Structure formats: C-alpha cells, structure tokens
1. What Kirkwood hydrodynamic radius do you get for segment 156-403 when you take the inverse of the mean 1/r over all pairs of distinct Cα atoms, in Å?
2. What is the set of long-range amide H partners of ARG16 at a cut-off below 5 Å, with H atoms built 1.01 Å from backbone N?
3. Quick one: Kirkwood hydrodynamic radius for segment 337-402, alpha-carbon pairs, angstrom, one decimal?
4. Got a sec to turn the phi values of segment 228-239 into Karplus ³J(HN,Hα) couplings, 6.51 cos²θ - 1.76 cosθ + 1.60 with θ = phi - 60°, whole Hz, x for Gly and Pro?
5. Can you compute 3J(HN,Hα) from phi for each residue in segment 212-218, using the Karplus curve 6.51 cos²θ - 1.76 cosθ + 1.60 with θ = phi - 60°, rounded to whole Hz and x for Gly and Pro?
6. Please turn the phi angles of segment 354-366 into ³J(HN,Hα) values with the Karplus equation 6.51 cos²θ - 1.76 cosθ + 1.60 (θ = phi - 60°), one per residue in order, whole Hz, x for glycine and proline.
7. Hey, got the dipole for segment 66-130? About the Cα centre, +1 on K and R Cβ, -1 on D and E Cβ, debye to the nearest 20?
8. Residues with amide H under 5 Å of ARG118's amide H, sequence separation 5 or more or different chain, H placed in the peptide plane at 1.01 Å from N; which?
Amino acid sequence: MPTFAFVARDDAGQTRRGSVDANSAALVATQLRTRGWIVVTLEEQLSATRSSSDRGEFLENLLRPRSIQVELSLRQMSVMLRGGISLLSAMQTISTQSDSRAIRRAYTSLIETVQSGRPFSEAIESQLGFPDFIAQLVRIGEQTGIQETVLVRAADMMRTRRETIRELGTALLYPIIVCFAAFGVTAFIVANLLPQLTLLLKSLGKPLPPITQSLITISDFFNEWSVQLIVALLLSVVVFVLTWLSPAGRIWIERSSLRIPVVGKLFRISGTLTFSQSLSVLLDSGVSVLEALITVQEMHSSTYFAAIVQRSRDAIIRGQNLADTLRVRGAYMPLLATMTAVGEESGTLDEVLEEVSSFYRERLSAMIKTLSALVTPVIIVVVGSIVGYVYVAFFVGLFSVAG
C-alpha cells in the first residue's frame, strides 16, 4: 500500500504535516477532511518496496477498464437505480451482463468490497480505472440520496473530457501527418532527385540561369551537411524528450505552446472548457470550492493548467477570490475570470460556469472545423511550391542550355 505525505491546516489555522498509508490520494484527502482539516499538498512517497511491485502494478494497469467502459457502466447503473433496482443488484447485473471482461472484474471487486461493509464511494476509491472525482461525487450522492443523478453527472464529466481530448487529437493529428508526408516528399527530392539533376546540369558545361543555380546550391548544401543536419535533428528530439520528462521543463513547453498561433488558442479554450465544466458539475452536486478544485486539478491533462489550479486553491485558502487567481496572462481565456467574478458576487457560480462551458464548447468545435478546413489547402500550396520549384529550375536550365 502506498504512503502519502500531506500538509494540511486544522481548524485553528495551524499547519499539520504527516504521512498516511492508503490505496489512493483521494482516500487520504477524505480522511483529512473528516478531521476538519484543509489539505494543502498531498504527494505519494516512493519506497524501495514499491519498486519491487512495479511489474504487478503494470499488469494491473493493462487490465483496468477503459474510460469509455466506465462511463457506460455508470449510465447503466443510473438507469437501473432510477427504475427502483437496489445498488447491489445493479452492480451484480453489470458484473454478469457486461461485454467487457475488465468491467465485469471491476464490478465483482466492487460488490465484494460493498458486501464487506464499506460504502460504495470507498469501494470506488480503491478500484483501478475509476477516476477520483467519481468517488467524490458518489459520496455526495450517498449523503443527499440522489445517487442516480450524481452517476449521470460523473459520466457526463468523463464524456466531456474524452470528447475534448479526441477533438484536439483529431485537429492536431491530421496536420502532423500531412506535415510528415510533406517532409518525406521534400527529403526524397533533396536526397535522390536533386543530386541526379545537378550532375546532369553540370555535365552540360554551360552557364545556368539563377533559379537553376540556386537549385544546385541547395543540393550541394544538403549533400555536404546531411550528416550534421541529421545529428542536430536527433539531438533536438533527445533534448525535447528530456525537457518534457522533467516537471519544470514540461510546464515550460506547455506554457510556450499556448503562444503558438491558432494551436495555442485551441489549447487555451480546451483548458477553459475543462475547468468550467468540471467545477460547474462539482459545485452543482454540493462539493465545496476547495474540494472541487482538487478534482479540477486532476481533470486537467496539462501540467501547466493543473499548476494554475493548485496556486488558485492555495490563494483561496489565504483569503483571495477565485476570479482573481484565474487572471493569468496567456492561460485561461479572459471571459472565465470575468464570469467567475459575477458568479461569486451573485452566488450562482455553478450556473455561470455552465454557461461558460457551453460557450467554449461551441467555440472549440467551430475552431477545430475551421482548422481542418484550412490545413489541406495550406499543405497543398507548400508541397506544390517545393515540387514546382524543383521542376521549373530543372527545365529552365535545360531550355537555357538548349538555346
């Protein structure tokens, strides 16, 4: 069982430090909150015994249910609970009738945990494949008696996150593939076609036009420096990977990517959508702002945005407003902080954030469609220009030599 080191503040405002053995960070946070403490930091401590079980944990991760399978099972359970079926019977139905072996295995484990006397929320906390925010929402459902509604909200959060990542991946994957294809065509022309054309033109022994001479100069340059260029490219890739693997380096890369035209705005809108959607659902379910921000931080796939949420939570503990902490230049879209301030003043923060998430969900879909429509003609123009330049320079040289 992993060990988690924590820093928290008690009711008197004093700082408490210590470590707790638990199955997950969410379970530790829950235990601390039951004492009336506010969690400041919570980190897992690595130990020597942990490394000996890495292979077992790797196999467990491979066997865990996928996100879309968990989402579907939550919706099925919500339907059965709304129809009057008990929680245990609903889980037994899923464990026997699901098409996914991972889901059947997960719900069988959940049934055993619940039958042993533990709450359903604690059972989910220790189950692989179920995000921590599901346990947090289920705990609210156990307290309020609206478990079926909470399960639908949890499934909606998972769907929104999955669709956002998929749309971003689709929008960026196509340009990357086309760029690699363009790079391959260019590399083939430079490595194979240009040297042969250069030898042919030089063998004619006559003055060549400027455009043809420039083609020969480019060919000579790549032939002379090809090894150095390949080594420089490989070193650049290694440096990028090493920088990405370090926490500070990854934050720097992600923050720099937000300044890229079009793509950076896509990332900013995606982060704003994740924040507003997640926080709106959690607040509407009865979760406090401080507790909800812990889940919102985990929902962010970007380390940079997650760090901003962590700083916002620390600032709120010190007495600042949430809206003021979100005004980070070049990060979230400015509308988020403005509307958050309105929601805090009116006491309808969850409703305001829902409006913000709806607005940016439409903006993200529109930008992705626009980007996909613009990429194809741009790549065609670039690749066509390269190929056209080579052929024009070659044939102009031939015509010049032929008089």
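1. Value: 21.8 Å, from the Cα pair sum.
2. Residues meeting the criterion, in which the H sits 1.01 Å from N, are ALA8, ARG9, ASP10.
3. Result for segment 337-402, one decimal place: 16.4 Å.
4. Each residue's phi maps through the Karplus curve to give 4, 5, 5, 4, 5, 5, 5, 5, 4, 5, 5, 4 Hz.
5. 6, 5, 5, 4, 5, 4, 5
6. 5, 5, 5, 5, 5, 5, 6, 5, 5, 4, 5, 4, 5
7. Roughly 160 debye for segment 66-130.
8. The list, which skips near neighbours in sequence, is empty: none.
Here, each number is a calculation from the coordinates, and none is a lab measurement. Nothing here was measured: the structure is a model prediction, and the numbers come from that model. Note that each Cβ is placed from the backbone with ideal geometry, even for glycine, and that neighbours are counted across all protein chains shown.
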